[in-house]
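Since the structure comes first, as structure tokens, the remarks are kept for the end.
Read the figures in this text as sums done on the coordinates, not as results from a lab. Keep in mind that what you see is a predicted model, and the values were worked out from it rather than measured. Heads up, the Cβs are rebuilt from the backbone with ideal geometry, glycines too, and the neighbour counts pull from every protein chain shown.
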Amino acid sequence: MKESLFLFFLSVGKKWAKHLAVVKGYDFQILKPNFFSAFFKKTISLFHLFYLSPFKLLSLKIFSPIHQALGGRIRVCISAGSALPSVVDGFLSAIGMKVLEGYGMTETSAVVSIRSNDKPTGGTVGVPIGGYQIRLKDDKGNILTAPGEKGTLWIKSDQILKGYYKRPELNQVVFDSEGFFDTGDLMMLSYRNELIFAGRSKDTIALIGGENIEPVPIEDKLLTSPYIDQVMVVGHDKKTLGALIVPHFETIDQKYPNHSGKYKEWNEVKEIRDLFKSEISRIISKENGFKSFEVIPINQFYLVPRQFDPDKEMTRTLKMKRNVISETFKNEIEGLFQ
């Protein structure tokens with residue numbers, strides 16, 4: 001009963017955050033909508049906020065223990081260091097915590113951009129702060145200026161490193177002729193000049209047909225499933241994508257008690273595989289904005305019978321060591337494409 005009540009008010013909180021962002025003009029939008037479309041959307045969201053308001057007031061009581069456990073006085077949550085999973089971002093916003101995600105690197109003297117305190121657009125890492133010039137470049141070095149174009153982020157500032165110590169050959173690669181530094185991160189810009197993280201250029205998966213795919217946005221979406229704990233998208237030099245999926249073992253154990261604890265057998269259990277087929281096709285679809293070559297074929301996944309090893313297969317900041325995981329599960333990955 002308590003869990004159902006919590007989940008209900010969590011859904012209320014997510015809807016409230018979504019419609020509030022629309023009304024206040026900081027909902028996630030890459031391209032600028034036309035005036036009439038934006039006006040209609042805001043009007044609809046106002047009605048939603050009106051009828052959600054009693055439930056929103058009740059949710060303050062439901063989420064109060066979480067706020068109290070964090071001290072009871074937190075006004076803003078700031079996230080940096082690694083990409084904030086959208087499921088965490090959405091959860092914190094739903095329970096009434098403002099989330100300001102930022103972006104930066106050691107080489108750039110930390111913060112380069114951060115969400116606005118007044119208009120914290122989810123799904124972005126905010127607008128570049130003063131003192132930093134940015135450029136997006138495609139793989140041929142062309143400068144990209146249109147909203148929604150994806151390219152590598154280059155940064156220029158008096159606050160970034162002058163160069164890597166005794167590495168002149170590397171410095172020639174990471175700095176261009178105008179002094180812009182190559183971050184190695186793929187970004188897009190919204191029409192509001194907000195940066196949108198789109199993955200690491202070195203993480204790019206190149207399919208045999210020539211399509212280049214960033215795995216992070218796909219993985220981030222898959223992690224919104226309550227049945228998926230960890231996931232790594234694979235498929236370099238293959239015709240299509242595949243996925244290594246670490247199930248949320250406790251949830252699956254409860255859903256299928258007859259197969260509880262038999263993790264090595266789950267790849268052979270039809271009802272469990274059907275569940276993951278359904279989740280993958282539901283989340284990664286053309287209807288959700290993914291291109292045809294970004295869609296994972298319905299049966300092209302392997303259920304990993306354990307979590308990724310935090311000592312060997314993850315970094316200290318809990319990022320996946322893709323090369324290590326790929327080598328560990330080399331046979332399983334090859335089996336997906338046979």
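At most 14 other Cβ atoms within 10 Å and a DSSP loop assignment: could you name the chymotrypsin sites (Phe, Trp or Tyr not before Pro) in region 185-246 that fit?
Values: sites: Tyr191, Phe197, Tyr227; in loops: Tyr191, Tyr227.
Hits after loop and neighbour filter: Tyr191.
Which value at 222 nm does the chain reach when only helices count, each DSSP H run of 4 or more adding -39,500 (n - 2.57), with the total divided by all residues and rounded to the nearest 500 deg cm²/dmol?
Numbers: 9 runs with 117 residues, N = 338.
-11000 deg cm²/dmol, from helical runs alone.
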Net charge over other residues, Cβ less than 9 angstrom from the Cβ of Lys137 (K, R count +1; D, E count -1)
-2
Can you put Phe40, Phe249, Phe301 in order of Cβ neighbours within 10 angstrom, beginning with the fewest?
Phe40, Phe249, Phe301
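Can you tally the net charge around Ile62? Count Lys and Arg as +1, Asp and Glu as -1, for every other residue whose Cβ sits under 14 Å from the Cβ of Ile62.
Once all neighbours under 14 Å are counted, the net charge is +3.
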Can you sort Tyr132, Tyr51 so the residue with the fewest Cβ neighbours within 10 Å comes first?
Tyr51, Tyr132
On each of the three principal axes of the Cα atoms of region 204-336, give max minus min coordinate, whole Å, ordered largest first.
44, 36, 27
Ranking of Lys286, Lys255 by count of other Cβ atoms within 10 Å, fewest first:
Lys286, Lys255
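Mean 1/r over all different Cα pairs, inverted: what Kirkwood radius does region 2-94 give, in Å?
Working: mean 1/r = 0.0670 Å⁻¹.
Here the Kirkwood hydrodynamic radius works out to 14.9 Å.
Run the dipole for the chain about the Cα centre, Lys and Arg Cβ at +1, Asp and Glu Cβ at -1, nothing else charged, and hand back the magnitude in debye, nearest 20.
Working: 45 positive and 38 negative charges, 230 e Å.
For this selection, approximately 1100 debye.
What is the sum of charges, Lys and Arg at +1 and Asp and Glu at -1, for the other residues whose Cβ falls under 15 Å from the Cβ of Pro297?
Working: positive: Lys238, Lys239, Arg273, Lys277, Arg282, Lys286, Lys291; negative: Glu211, Asp274, Glu279, Glu294.
The answer is +3.
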Spelling it out for Val111: with amide H atoms placed in the peptide plane at 1.01 Å from N, the residues 5 or more places away or on another chain with amide H under 5 Å from its amide H are none
For region 284-301, what does the Karplus curve 6.51 cos²θ - 1.76 cosθ + 1.60, with θ = phi - 60°, yield as ³J(HN,Hα) per residue in whole Hz, taken in order and with x for Gly and Pro?
9, 9, 5, 5, 8, x, 8, 6, 4, 7, 8, 7, 7, x, 4, 10, 9, 8
Test item: Cα-centred dipole of region 204-336, Lys/Arg +1 and Asp/Glu -1 on Cβ, debye:
80 debye
